[in-house]
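Below is one structure, written out as structure tokens, with a few remarks after it.
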Amino acid sequence: MARRSQICWVTVTLALFLLSLSVMADDVVVLTEENFDKEIDQDRAALVEFYAPWCGHCKKLAPEYEKLGESFKKAKSVLIGKVDCDEHKSVCSKYGVSGYPTIQWFPKGSLEPKKYEGARTVDALAEFVNNEAGTNVKIAATPSNVVVLTPDNFELVLDETKDVLVEFYAPWCGHCKNLAPIYEKVATAFKLEDDVIIANVNADKHKELGEKYGVSGFPTLKFFPKGKKAGEDYDGGRDLDDFVTFINEKCGTSRDAKGQLTAKAGVVETLDTLVKEFISAGSDEKKAVYGRMEEEVEKLKGSAARLYSGLYVLFGELHELHLKMGILAML
């Protein structure tokens, strides 16, 4: 029982540490059947998007709407919210939602909305909200996390220590334009991974690069993994989750679509085995097991080593401290 308690204590410690590394928050308020009336019927106006997760138009609107939420997050007189109509059907039915996305404006203190009929761009939405609410909010400029490649810096792709996903695109390509906001979110999700690069190259302008890698249509996506720089075609889906799953599998990362660490983050099987062995070992054996843990940590490469190895190396010291605290408590 004591050993099981120790393992649980270690698991909780690691989980709390990893949780502290993931602090990204939504700027658009998530509305539900439980909180809708409370959030909307307040001393502030609200713009609400009624959407469905499977809706293509909703997915296209999502990055624009998130920019809107980010820009208005400090405007105390306005709430930017959204409702998942697949999950909260009663709310959407109450407000006559019959297609997605539906965007409605709720004046301050009112549950009687009017439908937004304007363009679905962040600039048009912001202009509407400013006019209705009497605010003067400017759209926040969001720096891109996609690395722009040219013949002068394409050597980044050939760096043997990096996993690189490259989009070959043309500015006039409609499919490329549709992919752009999704691709930006992919880059944002993995921006903290030093060994992962999400990049694009204007293959219409830099035709020699497209020709070199056999690009015959746009967009073409190719993955250049560590140690294999010939490039391989990416043939997966083009939704955000599809890209995230692909990169996690190929690069050994553990990020979700918002860039947060998943439950798998920090788990290294060989080190987990040594942790259990360390806990079970007698006092004379712990030093040797701890030394093996340090040896395994030295084998880790790249950002995984920097992010996770400290947890395992520190574990031995924390464990010993935990035991000492237990002994002191019994005195």
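The values are calculated or read from the model by the stated rules, or taken from the named source; none is laboratory data. This one's a predicted model, so the numbers in the text were calculated from it and none came from an experiment. Every residue, glycine as well, gets a Cβ built from its backbone with ideal geometry; the counts of neighbours run over all protein chains shown. The accessibility values were calculated without ligands, DNA or RNA, using every heavy atom of the protein model including side chains. Shrake-Rupley method; radii C 1.70, N 1.55, O 1.52, S 1.80 Å.
Summary table
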{"read-out": "Near pairs, Cβ below 6 angstrom, 6+ apart or cross-chain, from segment 136-159 (touching a residue at least 12 places away in the same chain (Cβ under 8 Å)) to any residue that is open to solvent by less than 80 Å² (accessible area, probe 1.4 Å) and aromatic (Phe, Trp, Tyr)", "value": "137/72; 157/224"}
{"read-out": "Residue match in segment 148-166 (condition: modelled with pLDDT of 95 or more, under 27 Å from residue 62 (Cα atoms) and part of a loop (DSSP other than H, G, I, E, B))", "value": "no"}
{"read-out": "Condition broken by residue 89, with the remaining ones in (1) surrounded by 15 or more Cβ atoms within 10 Å (Cβ to Cβ); (2) at pLDDT 95 or above satisfied", "value": "(1)"}
{"read-out": "Segment 218-239: number of residues that are out of contact with any Cys (no Cβ under 9 Å at 6 or more places or on another chain) and free of Cβ contacts under 8 Å to residues at least 60 places away in the same chain", "value": "11"}
{"read-out": "Candidates 261, 192, filtered to the one that is of a type in the set (A, V, I, L, M), within 30 Å of the chain's Cα centre (by Cα) and open to solvent by 40 Å² or more (accessible area, probe 1.4 Å)", "value": "192"}
